[in-house]
Every structure is written in C-alpha cells, then in structure tokens.
Amino acid sequence: MKVKFSYLQEQFKDYQVYLERIAEVVKAGDYTLGKAVSDFEQRFATLLGAKYGVGVNSGTDALILSLKAIGVGPGDEVITTPNTFIATVGAIVAAGARPVFVDCTEEYVIDPDLIESAITSHTKAIMPVHYAGVPADMDKIMPMAHRHGLPVIEDSCQAIQGALNGKCTGTFGLTGAFSLHPLKNLNVWGDSGIIVTDSEQMRDRLRLLRNHGLQNRDEVVIFGYNSRLDTVQAAVGNQLIQEIDWITATRIKWANKLDQALRELPDAITVPERRPHKRYVHHLYMVQAKDRDQLLAFLQDRGIEAKVHYPIPLHLQRAAYRLGYKEGDFPVAESQARSIITLPVHQHLEEPHIDYMVDNIREFYQ
Ligand SMILES: Cc1ncc(COP(=O)(O)O)c(C=O)c1O
C-alpha cells in the first residue's frame, strides 16, 4: 500500500468547477484586485471571526507587510521561535529587523514563559507561530504583550481553523498571517496569502502597502509593494473554502486515531499532550520517535511518505550564522529536531491508510 504525503491530484480531481470560476474572471477581464479577491477576503475573515481580510501574494508577504505596517525596520528586534518554517524568520530579516529566538514547548510552539526575558528596549513585536497547526499559548502571550505594549503578529500560515477556547488562531494579535500555498490545508493553484485583522487602521495600511501605496489611480500616499492576491487564485480559494470544515474535521479525525494508537507505544513514541481548550488542526502530524532515522527509512521503504519537519532547527542553519546562536541554546527545539517524525494525515486518506501506518510502526518497534 502507498500512503502519500501529497494529495494535490485528488484535491483538484474535479477541476471543472474551478475552471468555471476562473472563466468568470477571464470573461470579465477582472484580473487585478478583482471581485473574487474582495469576495474571498470577506469569506475568509467571516470564517475566522475576524473583521477584515487583506489578500496578498503569499504567507511570507502577509508577515512582511504586517511587520512593515507597524513600522518594523533596521535596529528592531522581533521575538519568535527557531521551531518554524524558514519564512517566519526570513520575513523578519526582510523587514530589516533582527529575529530573537526563544525555545519551544513540548507542543512544538513558542514557550510563553520564556518570552518576557527575551524582551529588550529594541523589541518591536512578538511573532508566535501556530506551528504544525498547534495553537500557540495566546492566552498567556497576549496579556504579557499588552503589559509591555508590544504588538503581536501571528504566523498562522499552518493553522487555518486552529482555535483556543473557540477563538481562531490568527485573530488574537494585531494581525494574523495565512498562507494559501499548494501544501497548506486551504490551498490554491500557486502562491497566495491573506492577513486578517480587526483594526481598520491596519486594514487600510495593509491595502496601501500591497498595492504600491496607491490611494487611487493617481495618488501615492506611502511607498509600498506589489503584493496583491491574484484574482485567479482568489477564484480558486472561493471554491475550496466551501470545503474547509470537512478538510479540517477529516484531519482531526485521522490525527485522533493516530494519537490513540501511538499512545500504546509509550517507550517508543511520544505523542504531545492534547489540551482540551485547543483545537489542533494538524497541518503536520508530528510525534517524537525513538530511533527516528531508522523508523523513517523503514516507513518510506513500506510506501509510507513520512517526513521530518525539520532536521535542523533554524538557529543552527547557515543563514542564521550572523545571529550568533550556537548548539545548546534552545535544547527543546534541538531535541525535537533529532526525534520528530511527520506522518501523513490529510483529508484524502482512508481508514486503511491510518491502520497501515500504525501496523508498520508497531512492527518496527517489535
Ligand atoms: C510557518 C510558516 N510561515 C510562513 C510561511 C510562508 O508562506 P508562503 O509559502 O505562502 O510564503 C509558511 C509556508 O510555507 C509557513 O509554514
């Protein structure tokens, strides 16, 4: 049996309905910030319970523009975690600031109890990452950020429909950044992203920043960028967003089944604690495994496309050399990098795929 990590062919098997939506854009010649964009922004914001959505051309730009909108630049520091995809840190650097790392929890997200001691007079923002679809501890982070007068920009690129106490990830901070990249839970046919915010002022500034600072055709009020959400991609998003509840629920169903089965192997597999006030949306299903590299090779050999996200934590990447971190600085993130394994849990798997993965993991440890 094959258990594939990518599900893009199945996801868009019935592509005709998407082509019809794109045909509407073409017939209307409505390519740049067209109606499909404002429709998608509205739908996305409503789905999450946010006031506004601002479509941009990637999750990375959603982060960069959020930082630029609050004036982050050279000499500033932004606090985040080394346990993330490179784009979080790259966005901070692209905005001209210095990323300051703090270690993560056993749930793979930023440790809220370590943030305060990383704050300096240069700190300009905090950027928690809802990594792998695990909601960061916003209930602790937000009051602490308020006490220090620091804005929070949430990297929610991997966590559409994640929630804490029923409130969606991405809606706690000043802005929440989302990616619609083909590998994300809500995915379009190329690069795209969206920012949600409850602040009218941020919405207006982000709209300017994504479109050259143009207030209208002839007047430029700030220097900006070209980072518009493509109308064709928004048309794809408007179709797929109708399926997001099913996508999220199916991932949660498979993850729960894996959790239950893998907890029966406590000497070999560590399943993170699942806390009842959090909704985990399992963009990546990650557990820690004894003899990880051997298990990975064994599963891949059996047709299971397991992966590692990621074997090298960001503070130890060559790109981060100038930040001056060294091995041992973030022991939790480092130990997770050595033991983490990602198993497929996407919405196009069936029950036998999950059983097959569990059977093979059991066999490996026997
Ligand atoms: C945690 C995280 N942040 C940011 C991004 C950037 O998103 P994009 O690839 O749409 O630029 C991604 C996605 O790849 C991500 O996983």
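The values are calculated or read from the model by the stated rules, or taken from the named source; none is laboratory data. It should be emphasised that the depicted structure is a prediction, and the values quoted were computed from it without experimental measurement. Neighbour counts are summed over all protein chains in view; Cβ atoms, including those assigned to glycine, are modelled from backbone coordinates with ideal geometry. Surface accessibility is based on the protein's heavy atoms, side chains included, excluding ligands, DNA and RNA. Shrake-Rupley method; radii C 1.70, N 1.55, O 1.52, S 1.80 Å.
Take every pair of alpha-carbon atoms less than 8 Å apart whose residues are at least six positions apart; their mean separation over the length of the range 142-265 yields a relative contact order of 16 percent.
Per-residue ellipticity at 222 nm, computed for the chain from helices alone with -39500 (n - 2.57) per DSSP H run of at least four residues, works out to -11500 deg cm²/dmol. Among Asn165, Asn187, Asn238, the largest mean-square fluctuation in a Gaussian network model of the chain (Cα springs under 10 Å) belongs to Asn165. Annotation for the range 145-174 versus the range 53-77: alpha-carbon center distance of 15 Å.
Measuring nothing but protein heavy atoms, the accessible surface of the range 1-141 at 1.4 Å probe radius is 54 percent carbon and sulfur.
Just the accessible area per residue of the range 35-174, please: how many Å² with a 1.4 Å probe?
I get 32 Å² per residue for this part.
With +1 on each Lys and Arg Cβ and -1 on each Asp and Glu Cβ, how big is the dipole of the range 131-242 about its Cα centre, in debye rounded to the nearest 20?
Dipole of the range 131-242, to the nearest 20 debye: 20 debye.
For the peptides 333-341, 19-27, 224-232, 172-180, the ranking by mean Cβ contacts within 10 Å, running from highest to lowest, is 172-180, 224-232, 333-341, 19-27. Summary of the geometry: the range 261-289 and the range 176-226, compared by the centres of their Cα atoms, lie 34 Å apart. Couplings 3J(HN,Hα) for the range 285-296, derived from phi with the Karplus relation 6.51 cos²θ - 1.76 cosθ + 1.60 (θ = phi - 60°), are 9, 10, 10, 9, 10, 5, 6, 3, 5, 5, 4, 4 Hz, where x marks Gly and Pro.
Remind me, relative contact order of the chain in percent, using alpha carbon pairs under 8 angstrom and six or more residues apart? Dividing the mean separation by the residue count of the chain yields 21 percent.
With an a/c value of 1.5 or above and a/b not larger than b/c for the gyration tensor axes a ≥ b ≥ c computed over the alpha-carbon atoms, the range 226-325 is described as oblate. The share of accessible area on the range 220-282 that comes from carbon and sulfur is 49 percent, using a 1.4 angstrom probe. On a per residue basis, the range 244-365 carries 49 Å² of accessible surface, using protein heavy atoms and a 1.4 Å probe. Taking other residues whose beta carbon is less than 12 angstrom from the beta carbon of Leu214, and scoring Lys, Arg as +1 and Asp, Glu as -1, yields +2. The antiparallel fraction among DSSP beta bridges confined to the chain stands at about 65%. Label the chain by shape, choosing from rounded, prolate and oblate, from the square roots a ≥ b ≥ c of the eigenvalues of the Cα gyration tensor; if a/c is under 1.5 it is rounded, and otherwise prolate applies when a/b is larger than b/c, oblate when it is not. It is oblate, given that a/c is not under 1.5 and a/b is not larger than b/c. Kindly flag which residue pairs out of Lys2/Lys307; Lys4/Lys184; Lys2/Lys184; Lys68/Lys124 have an alpha-carbon separation exceeding 18 Å in this structure. Beyond 18 Å: Lys2/Lys184.
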